Amino acid sequence: MKKTWCISTLDSRFIAQMEQVLWVYALPYDPAYPVICFDERPCFLIGERVDAMAMQSGQVRREHYAYEKLGSCALLAAIEPLSGKRLAQVHAHRTKREYALFCQALAEQYPQAVKLRLVQDNLNTHNPSAFYEHLPAVDAFALAQRFEMIYTPKCASWLNMIEIEFSALARGCLHQRIPTQEKLEREVLTLVAEREARGVKIDWQFSLETARHKLQRHYQHLNPDLYASQCRKT
């Protein structure tokens, strides 16, 4: 058994992108410019080799250790943290086509918004070029104008609030063995609808000021002469 993780390089590019994300998160709620967090994740389809034992009162569900791999699919999801509004789709693949379809659906959810501030990672499919590869140029341009793309730093998924929602979905339904894409879609969309109906929002605590304090030595490393002169003045 092993643990794996990815360590970010906290260079000037990382700091600049992180500060942009945190600044956007701190903006007051504005329905004309909603802040929306988006990402996608793979979901593996797992079937039973032996039927699970029927549940009895006072006992947990029992399932055989053996399972069957039945492929995978992709969950694309977005959340507006300040309103609790959500959108989720399940697709067989996660290419530029699925990204374009999702962004179309997302834009349709906000017909009155001037610009959707979309926080996402730097995956090569996450940009307006996807629109032009799957829509007429006029429609692709119009869709691109609806979005302001805001990218998290490389290897910094923790800065994207949709990961908090993914964690809740994993605990709520994705932890179990689900054999088909259709069933997984039903489970996910039902849970997403329930969480939206309950008005579940995200209270983000990591602010720009907190970042500058906790990561102070990384800021100092970017411009040591400046920090040295500031220390002499104080």
| task | Looking only at the stretch 89-147, count how many residues are polar (S, T, N, Q) and under 23 Å from Tyr33 (Cβ atoms). | result | 7
| remark: From the option list Gln181, Gln216, Gln176, Gln220, single residue qualifying as over 29 Å from Ala32 (Cβ atoms) and crowded, with 16+ Cβ neighbours inside 10 Å is Gln181
| task | Look through Glu98, Glu68, Glu108 and report the one residue that is in contact with a strand residue (DSSP E or B) (Cβ under 6 Å, 6 or more places away or on another chain) and surrounded by fewer than 16 Cβ atoms within 10 Å (Cβ to Cβ). | result | Glu68
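A short reminder: the numbers here are calculations on the coordinates, not readings from a lab. Source: prediction; values computed, not measured. Neighbour counts run over all protein chains shown; Cβ positions are idealised from the backbone, glycine included.
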